[in-house]
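Each remark here refers to the structure printed beneath this line.
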Amino acid sequence: MGILGCKLLLALGIFLANGLGGFLTITAMRCMSRAKTVNTYAQSFTAGIFLGIVFLMLNPELPIEEADFNEKYNSKCHTSITSISAVFGIIFMLLIDSTIKAIREKKKRLEDVEMSELPLATSASSLTVISPPPENLYKFVLFATLMSVHSLFEGLPIGYKDTKEDILSYGLPMLLHKFLEAMTVASAGYKEKKVHAILGCTIHSLMTPIGSLIGLLLTGEHNNFMVDVALLVVMGMSVGTIVYITFMEILAPLMENPEFKGVGEFKKIGAILGGFLVTGAISAVIGTLESHQATSGTAI
């Protein structure tokens, strides 16, 4: 098989790994949501996976990528682009939260005014119900968009690789990495609607293969300063958004929402630890593959 065939096969494999991760997550959450206790354990396990994704996979990438950028362009910048971008990712999520709350409160006031102006004899069937805006949809759209753009950039190096060894050494860890990322996108989307999870996973699955094709077209032009800066910004913002979702959308409701009170706190913590350990095991496999690739003399 030629180099082009290897690249196309790897792109297809990453697409399938993304799709499989999303499908398994959506299926599991659909089954588990039918039982309150099981749903609580699933939420706790998901929280552990999110913690693993943040602290074992995405966050450690930031200083490495930034160091490579500084070395590549001989940059003397002492300000961390990725850290600033991560903070902006959290701020964007806070802005979306605040905007949603403001819209919801304004609509509630309007509804109260309309209700007070209605004649007492008005039947309940004639009342106009103002539905509140979806609470998590806007945040999920931002999160899924950033993760998808992140995936697009991660696919670019596949197009740049010029040997089968380089392609495989980059692609095998990426398969596991994208599988876990797809799980986070699916679980975040499922909290709003199943269709959003499916749509988010589909788009996210396509991004890395599309990135590899773009990289193939841009071979020889991968020393593009603005593209590399954009990659650092997107990586940082992706980490910021997933940190916000982990702590504000998963962990906080898990410990405070009455919906999850059917399971003891220590059991929840045990399930969180289980999810984290599973992610840690997968991260260790990825690290082993990457270190094997580094000792063999190839570079990602």
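Any chance you could count how many residues in region 179-207 are among the β-branched types (V, I, T) and in contact with a Cys (Cβ under 7 Å, 6 or more places away or on another chain)?
Here the count works out to 1.
Could you please let me know if L8 is more than 29 Å from K267 (Cα to Cα), surrounded by fewer than 18 Cβ atoms within 10 Å (Cβ to Cβ) and not charged (D, E, K, R)?
For L8, the condition - more than 29 Å from K267 (Cα to Cα), surrounded by fewer than 18 Cβ atoms within 10 Å (Cβ to Cβ) and not charged (D, E, K, R) - is met.
Quick one: which residue in A28, A17 is of a type outside the set (V, I, T) and surrounded by fewer than 20 Cβ atoms within 10 Å (Cβ to Cβ)?
A28
Considering only residues that are at pLDDT 80 or above and small (G, A, S), look in region 38-78 and name the one that is surrounded by the most Cβ atoms within 10 Å (Cβ to Cβ).
Per the criteria, the residue is A47.
Give the residues of region 19-69 that are β-branched (V, I, T) and within 17 Å of the chain's Cα centre (by Cα), sorted by residue number.
T25, I26, T46, I49, I53, V54, listed by residue number.
Quick test of your reading of the structure: S98 fulfils all but one of (1) buried (at least 18 other Cβ atoms within 10 Å of the Cβ); (2) under 23 Å from L146 (Cβ atoms); (3) hydroxyl-bearing (S, T, Y). Name the failing condition by number.
All conditions are met except number (1).
The values are calculated or read from the model by the stated rules, or taken from the named source; none is laboratory data. Just so it is clear, the model here is predicted, and its values are computed rather than measured. Note that each Cβ is placed from the backbone with ideal geometry, even for glycine, and that neighbours are counted across all protein chains shown.
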